[in-house]
Ligand code: GLU
């Protein structure tokens, strides 16, 4: 029997910070491929042209490389199946879509947003599934020709059965049954001629010869559409392996409201990449115990994990990403894997190096009188949570509740800043001051304390540039927690009201709204 080389992929969407969940899924793809002498590739899924940014793509690649995962094929390293960036493959998807129109599996759809809205409302009222079922017409190419020529906006949709159920086979979960009535007629090609995630990812998985799709369980509901596509093209479907989602210690879905989710935060906070990777390996998998033992070791290297890995030992109970346990493991790496000289080398790699000092010293020079002033003045740059008195977050002009409200708004606004530098962060904060009717110098003190721990310190926006986006935002979360500890916690009701106000005052209509909700930009969005 012919065994094709195992090929797996990580397919991040470049729409935000590099997410810890991406590293987790990448790790299992990587280890599985390596275990079987296969290849692991990286593909950029930037079909969402509004939310995708080159900065996010760069940050994701850098973060995955930092954590120690290397891909055999990808946009930066090339390979025989390129290009590996979906925005460079538009013609491929269009040509494939044509095939589906020709074979009658897909159709032109001219339904207007108003029609689709009305349809959804009606179905909702009738207590039926709201997925679109093609009822406004499924046009063939011949039928549609005149309207297309006239420039009528349209999309191309995939037909789906109305009744019965779809059976998906998942290696870890067995047969998953999904009623067809829950599967809508998916848009394959959008009105702007760009593909959706579903079309692009199926076409690419096939052309890139992916044998195993290892991804998060949030994609299970998309699998029926993918199955339809494979059948329509007459292609073999790769094996599906849906990994359990990471959870907060309270078992809710891992979210940046409760825990940092950006890999950049962990790097900036001084976690060792091999410890973080080791910890991600403990999510959903355990190292097999040695003979006579009941439990395997918790500390293991990537090479050890590869040698011992068995995908069928992945457990589906929601793995808990517990920062305290990660701290414990990271501490063990510092102690057990480093003598002082080795630790010093790690500190230098991290931040105690000329590059960082040469960025910080110009900020210190106008303020320092003695060499001994320098370290205390810059300590906040090297900290995770700076030590400060929560009361210092309250200023004459801004009481505790007002400070909490502004910090919350600043957090949302700073989540939208890209690229991240002193000009762009200053512009964002100035905009807040303007919208709130405050002077910049009235708003600054609370931010100074939040970011640096002291009411006056090194220039704020330069400091934010050195701290980076993920750590700067984290500091705002710490400040919100500090205010909470002295009785200024925002209730969920207050938070809702602030969010509503924020959408109205700060977001242009219909734009950026998913980001405002807090976790929309983490790659788990339905757009892939
Ligand atoms: N682009 C999708 C994501 O960001 C990939 C999903 C998949 O692996 O099919 O998660």
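The values are calculated or read from the model by the stated rules, or taken from the named source; none is laboratory data. Because the structure is predicted, anything quoted here is derived from the model rather than measured. Note: ideal-geometry Cβ built from the backbone for every residue, glycine included; neighbour counts use all protein chains shown.
Kindly check whether there is at least one residue in the range 507-520 that is part of a loop (DSSP other than H, G, I, E, B), in contact with a strand residue (DSSP E or B) (Cβ under 9 Å, 6 or more places away or on another chain) and either at pLDDT below 95 or within 16 Å of the ligand (Cβ to nearest atom) (or both). Checked against the condition, which is being part of a loop (DSSP other than H, G, I, E, B), in contact with a strand residue (DSSP E or B) (Cβ under 9 Å, 6 or more places away or on another chain) and either at pLDDT below 95 or within 16 Å of the ligand (Cβ to nearest atom) (or both), the range 507-520 yields at least one hit.
Table: residues versus (1) exposed (fewer than 14 other Cβ atoms within 10 Å of the Cβ); (2) under 30 Å from the mean Cα position of the chain (by Cα); (3) closer than 17 Å to residue 460 by Cα.
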{"position": "371", "(1), (2), (3)": "yes, no, no"}
{"position": "388", "(1), (2), (3)": "no, no, yes"}
{"position": "401", "(1), (2), (3)": "no, no, no"}
{"position": "425", "(1), (2), (3)": "no, yes, yes"}
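When residue 4 is tested against (1) over 21 Å from residue 264 (Cβ atoms); (2) within 14 Å of the ligand (Cβ to nearest atom); (3) part of a loop (DSSP other than H, G, I, E, B), just one condition goes unmet, and that condition is (2). Filtering the range 16-44 down to residues that are assigned to a loop (DSSP other than H, G, I, E, B) and either free of Cβ contacts under 8 Å to residues at least 40 places away in the same chain or crowded, with 24+ Cβ neighbours inside 10 Å (or both), which residue is nearest to the ligand (Cβ to nearest atom)? Step by step, filter the range 16-44, then rank; the result is 43. If you go through the range 235-255 one residue at a time, do you hit one that is surrounded by 23 or more Cβ atoms within 10 Å (Cβ to Cβ), within 16 Å of the ligand (Cβ to nearest atom), part of a loop (DSSP other than H, G, I, E, B) and at pLDDT below 95? Scanning the range 235-255, I find at least one residue that is surrounded by 23 or more Cβ atoms within 10 Å (Cβ to Cβ), within 16 Å of the ligand (Cβ to nearest atom), part of a loop (DSSP other than H, G, I, E, B) and at pLDDT below 95, so the answer is yes. Criterion applied to 94, 49, 65, 58 was being closer than 22 Å to residue 12 by Cα and surrounded by 15 or more Cβ atoms within 10 Å (Cβ to Cβ), and the one residue passing it is 94. Could you tell me whether residue 163 is under 26 Å from residue 133 (Cβ atoms) and either surrounded by fewer than 16 Cβ atoms within 10 Å (Cβ to Cβ) or touching a helix residue (DSSP H, G or I) at 6+ places or on another chain (Cβ under 7 Å) (or both)? Yes; evaluated as a whole, the condition is true for this residue. Taking the listed residues 176, 156, the one that is in contact with a helix residue (DSSP H, G or I) (Cβ under 9 Å, 6 or more places away or on another chain) and more than 23 Å from residue 97 (Cα to Cα) is 176, with no other qualifying. If you go through the range 205-223 and keep only what is surrounded by fewer than 23 Cβ atoms within 10 Å (Cβ to Cβ) and more than 9 Å from the ligand (Cβ to nearest atom), you end up with 206, 207, 208, 209, 211, 212, 217, 220, 221, 223.
Only one entry in 13, 52 is part of a loop (DSSP other than H, G, I, E, B), within 13 Å of the ligand (Cβ to nearest atom) and under 29 Å from residue 302 (Cα atoms), namely 13. In contact (Cβ under 8 Å) with a residue 24 or more places away in the chain and either assigned to a helix (DSSP H, G or I) or more than 11 Å from residue 271 (Cα to Cα) (or both): does that describe residue 358? Taking the combined requirement at face value, the residue does not satisfy it.
When the criteria are applied in full, residue 87 meets the requirement of being part of a helix (DSSP H, G or I) and surrounded by fewer than 24 Cβ atoms within 10 Å (Cβ to Cβ).
For the range 434-464, the set of residues classified as out of contact with any helix residue (DSSP H, G or I) (no Cβ under 8 Å at 6 or more places or on another chain), assigned to a helix (DSSP H, G or I) and surrounded by fewer than 17 Cβ atoms within 10 Å (Cβ to Cβ) consists of 434, 441, listed by residue number. Those helices (runs of 4 or more DSSP H) of the range 273-340 in which 3 or more residues are over 21 Å from residue 255 (Cα atoms) occupy 302-308, 323-336. Within the set 343, 329, 276, 280, the sole residue that is touching a helix residue (DSSP H, G or I) at 6+ places or on another chain (Cβ under 7 Å) and surrounded by fewer than 17 Cβ atoms within 10 Å (Cβ to Cβ) turns out to be 343.
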